[in-house]
Each structure stands twice: as C-alpha cells, then as structure tokens.
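Input: a single structure, listed below in structure tokens.
The values are calculated or read from the model by the stated rules, or taken from the named source; none is laboratory data. Computed from a prediction, not measured in an experiment: that's the story for all the values here. Cβ atoms come from the backbone with ideal geometry, glycine included; neighbour counts cover every protein chain shown.
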Amino acid sequence: MVGVKAPMPGVCYMPNSVLEYYAREGVIKDETLTDVLAASCARWPDRVALSEPGVTITYQQFDEITDRAAAALHRLGLKPLDRVIFQAINSKELLLAFFGCIKAGLIPICTLAAHRAHEISQIGAQAEAKAHIVSYSPVGFDLVAFALEMRDRLPDVDHVIAIQCGTETPHGVPAFDALWQAEDAAAAKATVARIRKELDPYQVCVFQLSGGTSGTPKIIPRFHNEYAYTSGQISRFFGFDETVVSFTPNPLMHNMPMACFVLPALLVGGEVAIAPTPKIETIAATIKERRPKWCAIMLVHILRLKELGLLEENSFADAYGLICPEKPSKLRALVNAPAYTLFGMTEGLLCHTREADSLAAIEVSVGNSITPYDEIRLVEPGTERDVEPGEIGELIVRGPSVIRGYYKAPERNAEAFTSDHYYRSGDLLSWRIVDGKRYLAFEGRVKDVIDRGGEKINASEVERLLNDHPKIHATMCVGMPDPALGERMCAFVVLAEGETGIELSEVTRHLDALGVAKFKFPERIEIVQGFPVAVSGKPSKPMLREMITQKLAKERAEQVAAA
C-alpha cells in the first residue's frame, strides 16, 4: 500500500492517489534511503565510498561505521523520527554521522555552519530537535560552545555531539568517533536491521532548508523514496556508473550537493571526494589526488587555482563535467573539460544541460528537468494564467520530488502553492528554442532574494534587522554584480535624524551581535537621502540596482584609467 503509515504532525504529504500513479510508473518504489545505500554497500564492498586527501573509506567500512554510529545514537535514547540539527563543515565524519542518523531513522536538519543564534534558535525550536551535531575547531568560531549555548534556548535538545575532534571530548560533550567506536559491529548491524524493518519509504528522511526567501529559512521535508528517486535520476540523466568520483567544496548539507553529488555517487558505487577545509590548498589537493569526474566548483575557486598554479591541465580528464550556474563556456575553457548549467530548488525541481545538448543551448539555457514527470508551467507572476509562448513568466511546478508544503508553515503554504498544487517558485523563466529543441532560460526573480555564490539571502530579513540600528532610519538591500560570486549585497541606507554617517564595520558588528550568519552581511553601504520611486509611487529596487551597477562600472573605469 502506498502512502505514509503514521503521518508526522506539520508535514504535508503527497496525496495517495498521486503516489499511486508514480508507483505504477515505477518512479517511486517501496524502498527507503537505507535500503538503496545497503544495496550499494553489498554490491561494491571494496570500492572507495568516501575520501579525503590521504584517506579512503570503502563501502564495507562505510557500512560498518554508519551501522555503529546508528547504534550509538540509538543507545543515547534517540528514536526514529527524532530530529537532529547538523551544523558542520565538510568532512568524512559529517557524512558518516549523517548516514548514521538515516540508518537510525533519525531526521537530519541540514543547517549551515555559518548559521548563528538568529537562525538556529528558530529552526531548532520549530523542528523540536533532540540533538545537535557540530564540528569542533580549536581556532575560529567554536560551534561546540555555541551548541551548548543553544541547548539552553532549545528545551528539546538533550544531546550535543562533536565531530572532527577524534575521540576527544571538547567542552565535555561526547565525541562522535568515541561513540561509534564503543559499539560492537555485529550488535550494531542487528540493531540497524531491526530499525530498518520499521522505516517507512513514504516518511520524511531529511529536513532541508529553503533559501530564506521569506524570513528565516523554511523547513522542507524530503522523503525516503522520493529523495532516492531524485538522486538516482541524476545518475541516470548523466549516465554515471561506479567509476564516478564526485566533488564539490560547497556545504555538503545543502540540497544541491546532497541530491546531485553525494547520493548520486553513493547509489551507483561511486566515490564522494571531500575537501575537509575550505582552503584553496585543500581543494587543490583533493582535485589532484582524487581526480573528480563530476564536480561543482565556483568560478572564483577555479580562477584562484589557476592563479596559484594549482590546477593541472588534466585535472578533470575524462570528467562527465563540471556544473555552474552561468558562463559555462568560460569555465569549459579554463578547465579543459565539459561544463554544464543547472537550475534547481530545494523544494524539488532540478534542471540541467548535459552532453547531448549543443554548446549554444548550454550557453543560453538551464536545460530541462531531469525527470519527465515534472509538470512545468510559466504564469503571470502571482496568478495562475499561463503566459504566451516565448514570454517570461513565473515558474510553477509539481512533480514526484516537488514538495506539497513547508513544515509547520500553513501561512507560507497558502502563498506558495496554486489551487491545483503547483509550487510557486518566485523565479522568472522563459522557454527558448535552440536547435529545434525547447529549453528553459532563467530570466530573474520575483522574490526579493540576493544570490551570493549560491547562498540565498532574503533582503527583507536583513533590512528589518538593520533598521533596528540606532543610526539607521530605513534600509533597502539589493544585489550588486560581482564577477566571482554573481551578486553581493549592497545596503542603501537613509540615516536617522541627526546622524552624519555610518561605517560598514558598524553594520556588521550590529548583525553579528544579533547572531546573524555572516554570509548575510552587506558588503557595501550607500548612504542616500531617500529611495528612488517608481511610477507606482513605491520605492524601486530595480532603480537602486541600476544605480549601484552604474557606480561600480564607473569605479572600474576610473581604476583602469589610473593604471
């Protein structure tokens, strides 16, 4: 029988009638994420599953460690469907703990290491998290100490667990390595087998987060069999097999790295290469040693690797390809390997170009959905009226991996879905015909979001926080063009009465004191007497974006002239 057996309060499930259709089509199956991972471990025990520079972990080792991790978490008293906050930098321990949770039937909440009290307190409380797994670092921001502070604000959190600290116990909290190493392998396997029998393929397996387009990020439930389908479909779309080595230095807990890189590799017996620090030298060492065949790496990193002479001509030899949000021809020339565009959302839809597409199509479009079962429409923003062919419209979509609602967010859900259950993306796209084929092209955003190198920043959230600064009367934040990250945030500020100025450092200290993630900090302040007004009589952000774009262009021209 299809459909969830015991619904979780606050989760919006797909109707059984729709699930039955997808089941008949063979899209979703009666299998959990644990089931499909177990199949890979049984089929390819000696192949490398995870790697870091100088370290490899086979599927057999991966299977045993994650069994023992699941048993350790179970021994702490964590039960299936309990939620666990993950807040850590990339590492093999992060993925071992993550999949240990999956095997234990726990639901990871995929937050970012960059999140702070403002985000974690709200997300943790809403999800009623029972545990908080964090990276430990002896230098820089102390996430272990932070998690202990958060435990005082989150009454349901019983456990703080540290990873990347060996078997040490920083601040007295349990170390992940010590926990799993204390478990007997055979007993752990039996514990996981018992839990596995009770897991529901139609139940939530992961809580991902939205880009924060309407305040603090919303919680997005992803389900066992649909997440397995999405990830497996990436492998089928690109033709991956067990020789694939995937790599991205982007945060692995993000939906894109998890659904497009980590899981697709693991489900076909491939390797997930990991850079355990964001340092450019570590990224270079990972590429040199593991020779990734499927890679998502920002253009700014590639340029830096080239500048430092750390990228060899054959670094991506035999690669399936690299993905990038834009300018694939430039990336292709830099790395001497195929480069493809992508467009996606944590809410479910994933679009790519690939080898079968012409260079012209790759350059001007984001391709098509990876699954033929996604139903895509372009409508007049805020309506349900389809635009005419060739016109720009707001993307709305429904499909086997597209959510039917955010977790415990009825007001947001009322805005985010059409009357016939299409998800309103807030993104503007158009259909383009290239070489006789139809492709989606990204045209902008309806939502007030700044995309800083893949990190989505809700401008209105930052504006509300900045307006609490005593020197500021009003703020409007916009994206300003940046060659490396795509956009950075510029805050246009009207000063409070009697104030003569405000420095960027004052703004960042203010946000830091509020516990705001640093990637949300403005990177430029422009003081204005008032905001430009559109014909409608409302302040105009497009006019502000044009103002800062022209100002940046003038500054660059002056720098060139001075040189």
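Of everything in region 149-174 that is free of Cβ contacts under 8 Å to residues at least 24 places away in the same chain and small (Gly, Ala, Ser), the residue that is nearest to ALA88 (Cα to Cα) is GLY166. Scanning region 73-127 for residues that are modelled with pLDDT of 95 or more, surrounded by fewer than 20 Cβ atoms within 10 Å (Cβ to Cβ), assigned to a loop (DSSP other than H, G, I, E, B) and aliphatic (A, V, I, L, M) turns up LEU76, LEU81. Tell me, yes or no, whether region 378-385 has at least one residue that is more than 27 Å from SER425 (Cα to Cα), assigned to a loop (DSSP other than H, G, I, E, B) and either in contact (Cβ under 8 Å) with a residue 12 or more places away in the chain or β-branched (Val, Ile, Thr) (or both). Within region 378-385 (the criterion being more than 27 Å from SER425 (Cα to Cα), assigned to a loop (DSSP other than H, G, I, E, B) and either in contact (Cβ under 8 Å) with a residue 12 or more places away in the chain or β-branched (Val, Ile, Thr) (or both)), the answer is no, since none of the residues qualifies.
Say we look at region 27-48 and pick out the residues that are in a loop (DSSP other than H, G, I, E, B), in contact (Cβ under 8 Å) with a residue 40 or more places away in the chain and not acidic (Asp, Glu); which of these is nearest to ALA275 (Cα to Cα)? For region 27-48, the residue satisfying everything is ARG47. When VAL533 is tested against (1) β-branched (Val, Ile, Thr); (2) loosely packed, with under 14 Cβ neighbours inside 10 Å; (3) touching a residue at least 60 places away in the same chain (Cβ under 8 Å), exactly one condition is not met: (3). Surrounded by fewer than 23 Cβ atoms within 10 Å (Cβ to Cβ) and part of a strand (DSSP E or B): is that true of SER51 in this structure? Yes, satisfied. The condition of being over 17 Å from PHE238 (Cα atoms), touching a Pro at 6+ places or on another chain (Cβ under 7 Å) and among the hydrophobic types (A, V, I, L, M, F, W, C) does not hold for ALA319. When region 400-426 is examined, which residues are found to be touching a strand residue (DSSP E or B) at 6+ places or on another chain (Cβ under 9 Å), closer than 30 Å to GLY124 by Cβ and outside any strand (DSSP E or B)? Answer for region 400-426, where residues must be touching a strand residue (DSSP E or B) at 6+ places or on another chain (Cβ under 9 Å), closer than 30 Å to GLY124 by Cβ and outside any strand (DSSP E or B): SER401, VAL402, ILE403, ARG404, GLY405, TYR406, TYR407, LYS408, ALA409, GLU415, ALA416, HIS421. Among the residues of region 288-321, those that are aliphatic (A, V, I, L, M) and surrounded by fewer than 16 Cβ atoms within 10 Å (Cβ to Cβ) comprise VAL300, LEU308, ALA317.
Does PHE207 satisfy the condition of being assigned to a strand (DSSP E or B), at pLDDT 95 or above and of a type in the set (Phe, Trp, Tyr)? Yes; evaluated as a whole, the condition is true for this residue. Screening VAL434 against (1) more than 21 Å from LYS541 (Cβ to Cβ); (2) within 18 Å of the chain's Cα centre (by Cα); (3) among the β-branched types (Val, Ile, Thr) leaves a single unmet condition, (2). Any residue at all in region 177-186 that's in a loop (DSSP other than H, G, I, E, B) and buried (at least 16 other Cβ atoms within 10 Å of the Cβ)? Within region 177-186, one or more residues are in a loop (DSSP other than H, G, I, E, B) and buried (at least 16 other Cβ atoms within 10 Å of the Cβ). If you go through region 327-347 and keep only what is in contact with a strand residue (DSSP E or B) (Cβ under 7 Å, 6 or more places away or on another chain) and not in a helix (DSSP H, G or I), you end up with ALA337, PRO338, ALA339, TYR340, THR341, LEU342, PHE343, GLY344, MET345, THR346, GLU347.
Of the set (1) more than 19 Å from ILE297 (Cβ to Cβ); (2) surrounded by fewer than 23 Cβ atoms within 10 Å (Cβ to Cβ); (3) among the aliphatic types (A, V, I, L, M), all apply to ALA228 but (2). So, LEU143, is that one crowded, with 24+ Cβ neighbours inside 10 Å and among the hydrophobic types (A, V, I, L, M, F, W, C) or not? For LEU143, the condition - crowded, with 24+ Cβ neighbours inside 10 Å and among the hydrophobic types (A, V, I, L, M, F, W, C) - is met. Of the residues in region 399-418, not one is over 19 Å from the mean Cα position of the chain (by Cα), buried (at least 20 other Cβ atoms within 10 Å of the Cβ) and more than 26 Å from GLY10 (Cβ to Cβ). Only residues that are part of a helix (DSSP H, G or I) and in contact (Cβ under 8 Å) with a residue 12 or more places away in the chain were counted across region 456-476, and they come to 7.
Hey, does region 501-515 have a residue that's outside any helix (DSSP H, G or I) and in contact with a helix residue (DSSP H, G or I) (Cβ under 7 Å, 6 or more places away or on another chain)? Within region 501-515, one or more residues are outside any helix (DSSP H, G or I) and in contact with a helix residue (DSSP H, G or I) (Cβ under 7 Å, 6 or more places away or on another chain). Restricting region 1-45 to residues that are of a type in the set (Asp, Glu) and more than 22 Å from GLU242 (Cα to Cα), the residue that is surrounded by the fewest Cβ atoms within 10 Å (Cβ to Cβ) is GLU25.
Candidates are the residues of region 435-446 that are part of a strand (DSSP E or B) and surrounded by fewer than 17 Cβ atoms within 10 Å (Cβ to Cβ); the one that is modelled with the lowest pLDDT is GLY444.
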